[in-house]
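Scroll down for the structure; my scribbles are underneath it.
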Amino acid sequence: MPLELHYISESMGDINDSMGSRSRSAGVDSSSYRDQQFKGSRNELERLLSKSTTLYIGNLSFYTTDLQIYELFSKCGDVKRVIVGLDRFKKTPCGFCFVEYYEREDAEDAMRYVNGTKLDDRIIRTDWDAGFIEGRQYGRGRTGGQVRDEYRTDYDVGRGGYGKIVQQKIGPVDAPAET
């Protein structure tokens, strides 16, 4: 079944209209997301974030493709590349990615207009990233994916069902019956 892009905050036409009529001089606030394995001082991280053209995108479905991500984020400007986060062992998508733009202003537009939109029935989150470095595309959890997916106790079809710890306890489970 093909996956579709779904938006909830503003239509892309409204986004494009808003972008054309605003001044690009207004900055976008720094986010609370931080790469916990950043090698450097907090001041250095803040400096890199203030000039970055790279965004971290979280809460993606495991089934969202790089093409869908590119299509959505290219509405805000020229995308240099999309790096999909992968399970370290299985090399399958694990719910995050990095989007790198050529220009800071385009990344700012994405922070303003794409953050909080719905993609594959999931509300995605965009945050500033200090810049992609090879190796960061792999999940950091013990099982190869994201740490948050190891501890989830809810059933989330877009993120592979139950969390890894629950799956290990109960074994493979089909989707819960709808009531």
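Over 26 Å between C-alpha atoms is what I'm after, so list which of Lys39/Lys118; Lys75/Lys118; Lys80/Lys118; Lys51/Lys75; Lys51/Lys91; Lys118/Lys169 land there. Could the numbers behind the result be given before it?
Values: Lys39/Lys118 33 Å; Lys75/Lys118 14 Å; Lys80/Lys118 22 Å; Lys51/Lys75 21 Å; Lys51/Lys91 31 Å; Lys118/Lys169 32 Å.
Exceeds cut-off: Lys39/Lys118; Lys51/Lys91; Lys118/Lys169.
Note on Glu44 and Lys80: the model spin-label points, each 7 Å out from Cα along the C-beta direction, lie 1.9 nm apart.
What is the stretch 47-145 by shape, rounded, prolate or oblate, if you read a ≥ b ≥ c off the alpha carbon gyration tensor as root eigenvalues and call it rounded for a/c under 1.5, prolate for a/b larger than b/c, and oblate otherwise? Note, shape of the stretch 47-145 comes out oblate.
3J(HN,Hα) couplings calculated from phi for the stretch 84-98 with the Karplus curve 6.51 cos²θ - 1.76 cosθ + 1.60 (θ = phi - 60°) are, in sequence order, 7, x, 10, 4, 4, 9, 8, 6, 10, x, 10, x, 8, 7, 10 Hz; Gly and Pro show x.
What full-extension length gain, to one decimal in nm, is calculated for Tyr138 and Lys51 as 0.36 nm per residue of separation minus the Cα-Cα distance?
Between Tyr138 and Lys51, full extension yields 28.9 nm more.
Residues whose amide H comes within less than 5 Å of that of Lys80, counting only those at least five positions distant or on another chain, are Glu100, Tyr101, Tyr102 (H built at 1.01 Å from N in the peptide plane). 3J(HN,Hα) couplings calculated from phi for the stretch 56-66 with the Karplus curve 6.51 cos²θ - 1.76 cosθ + 1.60 (θ = phi - 60°) are, in sequence order, 9, 10, x, 6, 7, 5, 5, 9, 6, 9, 5 Hz; Gly and Pro show x. Distances between placed amide hydrogens fall under 5 Å for Trp128 paired with Ser31, Tyr56, all partners being 5 or more residues away or on another chain.
We did not get these values from a lab; they are worked out from the coordinates using the rules stated. Quick caveat, the model's predicted, so the values are computed rather than measured. Virtual Cβ from ideal backbone geometry, glycine too; neighbours counted across all protein chains shown.
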